[in-house]
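Let me begin by presenting the structure, written as structure tokens, before commenting on it.
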Amino acid sequence: MRLTSETGVVCLHTHSRLTLSERGRKRKTARMKRFPILALLLWVATMFYVGIFLFVGGFLLVRLEVSRSSSCGDLLTLGDKGGPDFCQGEPRFQRAVILIIDALKIDFARFDAQNTAPKPFENKLPVLEEVMSSQPTHSRLFSFRADPPTTTMQRIKGFTTGSLPTFIDVGNNFASSAILEDNLVHQLGQAGKRVVFMGDDTWESLFPKKFHRSLPFPSFNVKDLHTVDDGILQNLYPTMEGSDWDVLIAHFLGVDHCGHRFGPDHPAMADKLSQMDGVIRSVIGRLENDTLLVVMGDHGMTDTGDHGGESLKETDAALFLYSPAEIFPPPGAEVEPEVVPQTDLVPTLALLLGIPIPYSSIGQVLLPLFPRDTQTAGALDYLTQAEALWINSKQVNRFLETYSQMAKDIPPESLSLLRADFSRLSSEYHKAAQKGLPPPPALVAALQGYLTAVRDTCRASWARFHPLKMVAGMVVLATACVLCLAVSELPAVLVEGGSLRVPLAVGAGLAGVVAALQLLNGGYTDVSWCLGAFALSSQLLFLWKLWCTRGSGGKGKAGRRSLLPQLTVPLLVLLLRCASLLSDSYVVAEGRVATFLLCSLGIYVPFCLNWDGLLLPVNHDPSKPPGVHPSPTLSPSTVRRESLTLLVCLGVLVGSLYLSLSFHGCREEQGACSPSAFLAPLSRVQDSRLRNLHYILSVASLAAWTYTLRRWLRHYGNLNCAGPAVFTARWLLPVASVCLALHWAVSSTPEESFRSLSELIGLALVALPRAAYSLLGLGVALIWLDPLTVFLKPRQPHQSRGSVLPPRYRASTGISPQAELHHLIPQLYQRMRRSLEDGEQAGAAEEDGRPAVEAYGLGTVYSAPLVLQWGLLGLGLLMLHSEGMALSFLLLLLEAAALLHLHSSSTSLALLQGAHTGGFSVPWTPVLLWALAATQFFHATGHLPTFPSIQWGAAFVGFPKGHTGTLLPASLVTLNTFSAHILFAVGCPLLLFWPLVCEVRGGRRGRGLVAGEGEEGEDAVMEMRLREKPQQFSCALLQLASRYLFIHGAQVLASVFAAAILRRHLMVWKVFAPKLMFEASGFVVTSVFVLVGMAMVMRVDMAVGNWFKRLLPEQSR
């Protein structure tokens, strides 16, 4: 075997000077506290989960649904009580064809004859303009405005029920459940109308068993532009030519999927819109006079092809109405609306087709489709505008009365005004009907105003809150933050004797009491209050116990420590950041603000060191008395070299931050902002040269990622053994990288370029990413199976007992034997045996000539598996992003390395100048920098705390034909969205290990050593110090994890306060509520992967302990 190492070589001898008394003293702290630490961290994270659950349960309540249905027996009469019911009359239309072109924004439907150089999405539907020009009384084109969220399921619900979806409904877009409220499909079925549906299979889940005939096609694969549309076209025309239908609904998806995949400004969009133009022409040619054609979009799309938010580009779709018979007045004859709300389609279609308006509809009939009065020629049997408005108003008033009795969220003063208005309008309408006169225009306008007022009141009132649950959630979250701070300040107390048994038992008992009281009083149990009681009581009892025992490690009052830390500069920065979350402008610009804070806090590190006199060597003044200056442990040149390293790392950090700004996305509120070109998949890039350049940069970044990880492992001698982890680093990591690079090449290939190889390309799109998934998953599994990357090499004994000679081999890297001696640990073996409680008798002397071994990679035994796992996860997460993000991920790697070296250099400078206080504690500054980096790279990978920015395409990497369920795609999208949170959470323990990995030889005094250990304390270097002091190791891990969780938990608490305080703010649903959802979700993901990182450390510690046990000779046991 060829050995490779530049450092990290550890020499192990097999002699011991351990006495029985010393060995007995070591037994008590021989192992780190693994399970108690994980259990405590899991409990702390759970407390945050409960607080989030409580607050969200009070803040994002779903609007109360009214389960009643309209019928023709509801006495919705045209005039006075003895008048005929409109259901018994002749409807305006017997049939209707509804063509839903998903994401047909109004800009796609307009035609500009003066535009000589149209974009791919412009002037591609000329049929609409041709029909409106040739038949102006037969057709109209309106801007069709959707209510946010502009996702498909919510839009279908909106234009079939006439109701307004609530904010939380956006989460159900890909897990659609049946619509229980009254709707058009239900009413058509009740009236005996045969409804035939074809297209998006979302309808089938929303309206199960409601169609006369249904032809659903899978809709979730946004990369598939043709399957749904081609399936519709195979059945649309034969169905129209038959007689077995009354209402035909066809939902096309090609335009929407083309926008998601390529964006609107792409030739594929021109092809799709041209195809839809042909469909509309063909349908118009097959219509009869008693049939109404509705061509509509459910929502629009942004310039990048996304939707889900509330910008005009996302909400303004197109609505085109046509019939072979005249249905509109001549243009200019009356004022027509420029924008039609989507909810208005429901009462309009219901009255035109002769069915009751759905019970919960708050829409308003579209008046141009109804004649003005009964004297209108040829319209004596049809509803007039006044009659349609009266029926509409009575239906809305009935719903308002029913809803106000079931729920109390409509303000009483608003409800009283609306009731008074309707009573007055009802009286005026009946007076006109009794006199046989048509209602005056003023009454028609007043009825319109009443319907508009009801809709505005409902829209404002349906942001329904439960204040008590919100307050309870905030209290639990605030207590959890205090708990994290207390744990971080007193980890030693918890490691020594902290127990969760009593707090958990008391909390569970109190939760049971709350559940019993609920059952006795109301006959039901609300889980929210039980969880709240459990969380709050267990936290308070735990904090009380911690308060009582906080002085156990000290002497008297002087030994008692505070539960809370002092307000230092890093905590002040965190406090200011949390306070700023109450500003909508800060949330909008959070990506750049996080970059600024990260850069500023990074600059603060050398500034603070210089302020304390630690950045440069101390110049001793002989006139000052001894003890004024700290005692330096190394020469000034070593201090200068370490200071230079720190400044170089700071430069790399600033450079990485500056370059990462090139990968940010844009929010609607940012105006002229242009999203990064790297966010778009290579398949959207039309210029072949630019596409090739992007691909080369992406592959080069991928290669640099893989090479850097392998180079680091090689540098510290972790690639010499034949274990599973080394096999992963040597083979699985590079092979997975090759699969990823090939996948990018295949996925960026234009479809029209290799049509003959379409089947092979389709196979590669499935096989390559799945192969990469398998390799990366196998690699992670192998690391957990055996995380050690240590290689033992026997060597000859020393010439003499007191001398240290160079080993008889040289590393393959060409490093000199003298450099290798720099990392030998002559006495390490004996020190490890002390912590393993071996059975060797005290006073046993080393026999001359006994062989020793050199251990490659033992100095980085903890960090090497973490770095390797971090690299594998990074590759997997990169695969879920567009190809251009490879350069951003490389910058993430550089930034993480710069932060780690910045931390290790500052620690080393404190050690070199004799100013380190000892122990393994990680200060607040590097922890906050690490947490800010997660937020900063959330934005630097193109993500934003908005729903339109979610990169849904991640769900189809390796699954181009879609999924059968929702769990796997939801998981892939979550991994894509929170990639930065995952990587920095898993890598959090590296903050503890890095100063040990990069320690300066000779500057160890004070770190991890206690007084009185003498020269023997100088033997162990790098991460083996942690094995020497398992209790300090456990305390440092617990403190680091609790501080990291506190920082993210404080941000969640700030978002919760912002949403609660500003719940009536104009921007609450556009800015603060999405920010809360993303911050809470990010905390859940972060906490889970922090536990994963800590569990990996403990798995390595267990493996190291077993390794040393196997290393001991049998006779020494």
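Side notes on the structure shown:
- Cα gyration tensor shape for the range 193-297, rounded if a/c is under 1.5, else prolate or oblate: oblate
- Each label point was placed 7 Å from the Cα along the Cα-to-Cβ direction; for HIS1065 and SER662 their separation is 3.4 nm.
- Relative packing of peptides 1096-1108, 471-483 - highest average C-beta neighbours within 10 Å first: 471-483, 1096-1108
- Between ALA677 and LEU757, the C-beta separation translates, for a Förster distance of 41 Å, into a calculated FRET efficiency of about 0.90.
- The simple spin-label model puts a point 7 Å past each Cα toward its Cβ; for GLU428 and ALA117 those points are separated by 5.5 nm.
- Extended-chain gain in nm, criterion 0.36 nm per residue less alpha-carbon gap, ASP244 and ALA767: 183.9 nm
- Judged by the ratio a/c of the largest to the smallest principal axis of the C-alpha gyration tensor, the range 295-421 counts as oblate, that ratio being 1.5 or greater while a/b is no larger than b/c.
- In summary, the lysines within cross-link reach of LYS33, defined as a Cα separation below 19 angstrom excluding same-chain residues under 8 places away, comprise LYS1029, LYS1109.
- VAL735/GLN670 FRET efficiency (R0 41 Å; Cβ-Cβ; nearest 0.05): 0.50
- Size of charge dipole - the range 314-423 - debye, nearest 20, with Cβ of Lys, Arg +1 and Asp, Glu -1, no other charges: 440 debye
- Simple spin-label estimate for THR402 and GLN94 in nanometres, 7 Å along Cα-Cβ: 3.1 nm
- For the peptides 448-460, 387-399, residues were scored by their other Cβ atoms within 10 Å and the scores averaged per peptide; the highest-first order is 387-399, 448-460.
- Full extension of the chain segment joining PHE607 with ALA420 gains 60.4 nm, where the gain is 0.36 nm per residue of separation less the Cα-Cα distance.
- For the range 232-317, with all protein chains in place and a probe radius of 1.4 Å, 45% of the accessible heavy-atom surface sits on carbon or sulfur.
- Pairs over the 32 Å Cα-Cα cut-off, from the set LYS209/LYS961; LYS105/LYS210; LYS193/LYS1070; LYS210/LYS394; LYS394/LYS435; LYS157/LYS435: LYS193/LYS1070; LYS157/LYS435.
- Cβ-derived FRET efficiency at R0 41 Å, ARG689 paired with SER69, nearest 0.05: 0.10
- Taking packing as the residue-averaged number of other Cβ atoms within 10 angstrom, the listed peptides 1027-1037, 190-200, 405-415, 639-649 run from highest to lowest as 1027-1037, 190-200, 639-649, 405-415.
The values are calculated or read from the model by the stated rules, or taken from the named source; none is laboratory data. Because the structure is a prediction, the values reported are computed rather than measured. Cβ coordinates were reconstructed from backbone atoms using ideal geometry, including for glycine residues, and neighbour counts include every protein chain displayed. The area values use the complete protein model at the heavy-atom level, side chains included, leaving out ligands, DNA and RNA. Shrake-Rupley method; radii C 1.70, N 1.55, O 1.52, S 1.80 Å.
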